[in-house]
Each structure stands twice: as structure tokens, then as C-alpha cells.
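Here is the structure we will look at, set down as C-alpha cells.
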Amino acid sequence: MSTSSQHQFRYTQTPSKVLHLRNLPWECSEEELKELCKPFGKIVNTKCNVGANRNQAFVEFVDLNQAISMVSYYASSSEPAMVRGKTVYIQYSNRHEIVNNKSPGDIPGNVLLVTIEGVEAGDVSIDVIHLVFSAFGFVHKIATFEKTAGFQALIQFTDAETASAARDALDGRSIPRYLLPAHVGSCNLRISYSAHKDLNIKFQSNRSRDYTNPMLPVNYTAIEGTVQTAIGPDGKRKEPESNVLLASIENMQYAVTVDVLHTVFSAFGTVQKIAIFEKNGQTQALIQYPDVITAAAAREALEGHCIYDGGYCFQ
């Protein structure tokens with residue numbers, strides 16, 4: 001056995017699935033530790049940058065035999081364990097698991113806390129967030145808000161496995177450029193786990209959505225609108241015009257769906273958003289267009305008319 005190997009290991013301790021690594025490079029990362037240990041098994045926990053010089057660490061294998069395999073390999077190898085060109089000294093730890101290493105944001109759960117860097121609150125819509133994250137599974141709820149860290153969102157999945165898949169794939173990545181406004185250069189996602197298990201969404205809005213409860217009341221600020229005040233020929237103010245229409249549907253004999261409304265209203269221009277809700281026993285809907293002119297054209301053509309001959313009238 002080589003002299004370097006003798007110095008690398010201590011055999012006086014009982015084997016443990018937790019290994020103690022010394023002489024690591026400054027600020028050695030968890031990724032570097034996992035890369036070193038990967039050939040021998042799965043690492044389930046780490047504790048990095050330990051000691052006065054922050055050059056020690058602990059790694060925990062899922063199985064004792066995997067830890068023994070790593071120690072045995074380097075004990076008999078002429079090539080020492082290396083990280084960034086430095087020889088790493090390995091020994092069994094006197095602990096059998098690593099505890100309290102992970103912050104709450106690292107403990108897997110079904111709700112993700114997403115910080116969207118480089119954007120303002122209005123730059124990334126809740127629909128874009130839903131589109132990006134629903135690629136990994138059914139999104140139950142979303143709540144967005146602003147904190148000192150920036151624009152953030154809580155995203156609830158069915159289970160921790162689905163949330164973990166989304167976090168692993170998207171953390172540190174950017175939302176696709178074509179989904180962002182032209183003035184936004186880039187926006188990175190910083191994702192951790194939230195301690196929440198079930199988000200309390202009180203109403204559908206442009207800041208919060210519950211995709212499991214379509215009958216949840218809609219906040220009238222749910223859809224962003226622009227309002228223009230018009231002056232009539234008599235010099236008096238007319239009813240303010242907006243790019244969002246409020247449609248009341250009367251004489252209903254069958255359920256009116258979002259698809260039906262989209263078919264009717266998209267004949268006048270691009271429909272950006274639709275929200276259907278019940279108020280005072282009447283079915284109503286908010287329909288958002290890109291601009292006031294398109295909304296006004298749709299209103300003029302459809303107000304008082306029926307969706308189908310003999311049925312559903314708009315007011």
C-alpha cells in the first residue's frame with residue numbers, strides 16, 4: 001500500500017454510511033462532493049464547508065456498503081481521491097446520519113417557492129407561470145406576491161415527487177424568451193421548497209389561481225384592464241371604455257363554457273383571457289382583449305344578441 005493511501009484513511013473507526021472528508025478546496029460545493037462519490041453509490045445528504053478553514057465535509061450514502069466501497073477503493077488505489085487538484089483525505093465518521101443539515105427550503109414538499117429574478121410584478125403573468133410548471137404535472141394552485149427578494153410565486157403540485165421534478169429541471173434556468181415581454185432581457189428562476197402543504201386561495205385573480213375549484217369566485221381585478229374615458233357629442237362623459245368586457249348571460253338552457261365564449265368573442269379579435277363566474281344567481285364572464293377598440297367592436301356587435309338562435313343573450 002502506498003504511503004499516500006496510508007495517510008488518506010483511518011481504520012480505527014467503525015464503518016459508517018457517513019464519511020468525513022478533509023483537505024477539500026475552499027468553498028467546495030455539494031455538486032463537487034456528489035461527483036466524487038457518484039461512482040460508489042447514491043448520496044442522500046451532505047454537510048459542506050465544515051471546520052475553521054471550511055475545507056471539510058460529511059457525505060451520507062444511502063447504504064453502508066456504498067460507503068465501505070468508496071473507502072476500500074481509495075485505500076487500495078495508487079491514485080488518491082482528488083477535488084480541484086487537491087488530495088482529499090477520507091475516513092469513516094462517528095455519526096451514522098447527517099441531521100439538521102438542510103434548511104426548510106431544501107426539504108422536499110409539494111409546494112415550491114419560486115423567485116423570478118430580473119422582472120417586475122407585471123412582467124410575468126400567472127398564465128405563463130402555469131404554462132411553464134404544468135409541463136411537469138398538474139398544478140393545483142398558484143399564488144404570486146412581491147417581497148424584498150423580488151417577484152415570487154408559490155406553486156402547489158399533487159405531491160413532492162412532481163414538485164421535485166419541476167425544481168430539478170427549472171432551478172437556475174430562465175423562462176423561455178418568447179413568453180416574456182420585449183423589454184425583459186432575462187429572468188432566472190430560483191426555486192426552493194415551501195413549508196406550505198395546501199395554499200388557501202380565496203378567489204381567482206391575476207395574482208392567484210385555484211385550478212381545482214372552477215366555481216371559486218372571481219375578483220374583478222382578476223384580469224388586467226386598461227380604461228379610457230370618452231366624451232360624448234353632448235360634452236358629457238360616456239361610460240368608461242375598457243379592453244375587458246363584463247358579459248351577463250341570460251336565458252340559459254345549457255351550460256356555457258370557456259370554449260363557447262372564446263369561439264363567439266374571438267370573431268372580433270384575439271381573446272387573451274376569459275373567466276366565468278356566478279354572481280347573484282346569474283352567470284357572468286370577463287373577456288379580455290388586447291385593446292379597447294377590439295373590445296368596443298365586440299360589445300357593439302354582441303350586446304343583446306344570442307349566442308345561438310333562440311338562446312343565451314348577452315347583456
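The values are calculated or read from the model by the stated rules, or taken from the named source; none is laboratory data. The structure displayed is predicted, hence computed values, not measured ones. Positions of Cβ are backbone-derived with ideal geometry, glycine not excepted, and every protein chain shown enters the neighbour counts. SASA here: full protein model, heavy atoms, side chains in, ligands and nucleic acids out. Shrake-Rupley method; radii C 1.70, N 1.55, O 1.52, S 1.80 Å.
Might you let me know whether the range 191-199 holds any residue that is out of contact with any Pro (no Cβ under 8 Å at 6 or more places or on another chain) and surrounded by fewer than 11 Cβ atoms within 10 Å (Cβ to Cβ)? Looking through the range 191-199, at least one residue is out of contact with any Pro (no Cβ under 8 Å at 6 or more places or on another chain) and surrounded by fewer than 11 Cβ atoms within 10 Å (Cβ to Cβ). Whenever a residue of the range 153-179 is open to solvent by 60 Å² or more (accessible area, probe 1.4 Å), its partners that are among the β-branched types (Val, Ile, Thr), lying with C-beta atoms within less than 6 angstrom and at least six residues away or across chains, give the pairs Asp171/Ile191.
Could you check the range 127-184 and list, in sequence order, the residues that are under 18 Å from Asp198 (Cβ atoms), touching a helix residue (DSSP H, G or I) at 6+ places or on another chain (Cβ under 7 Å) and not β-branched (Val, Ile, Thr)? Within the range 127-184, Phe133, Gly137, Ala153, Phe157, Ala166 qualify. When Leu246 is tested against (1) aliphatic (A, V, I, L, M); (2) at pLDDT below 85; (3) assigned to a loop (DSSP other than H, G, I, E, B), exactly one condition is not met: (3). The requirement of being assigned by the TED database to the domain that holds Thr158, surrounded by fewer than 19 Cβ atoms within 10 Å (Cβ to Cβ) and either free of Cβ contacts under 8 Å to residues at least 60 places away in the same chain or more than 30 Å from Ala163 (Cα to Cα) (or both) is fulfilled somewhere in the range 119-126, by at least one residue. The requirement of being of a type in the set (Phe, Trp, Tyr), within 20 Å of Lys141 (Cβ to Cβ) and buried (at least 20 other Cβ atoms within 10 Å of the Cβ) is not satisfied by Tyr211. Confirm whether Ile116 is in contact (Cβ under 8 Å) with a residue 40 or more places away in the chain and touching a strand residue (DSSP E or B) at 6+ places or on another chain (Cβ under 6 Å). Taking the combined requirement at face value, the residue satisfies it.
Of all the criteria given as (1) basic (Lys, Arg); (2) loosely packed, with under 15 Cβ neighbours inside 10 Å; (3) in contact (Cβ under 8 Å) with a residue 60 or more places away in the chain, the one not satisfied by Lys141 is (2). For the range 46-76, a tally of residues being within 21 Å of Pro25 (Cβ to Cβ), open to solvent by 20 Å² or more (accessible area, probe 1.4 Å) and not in a helix (DSSP H, G or I) returns 11.
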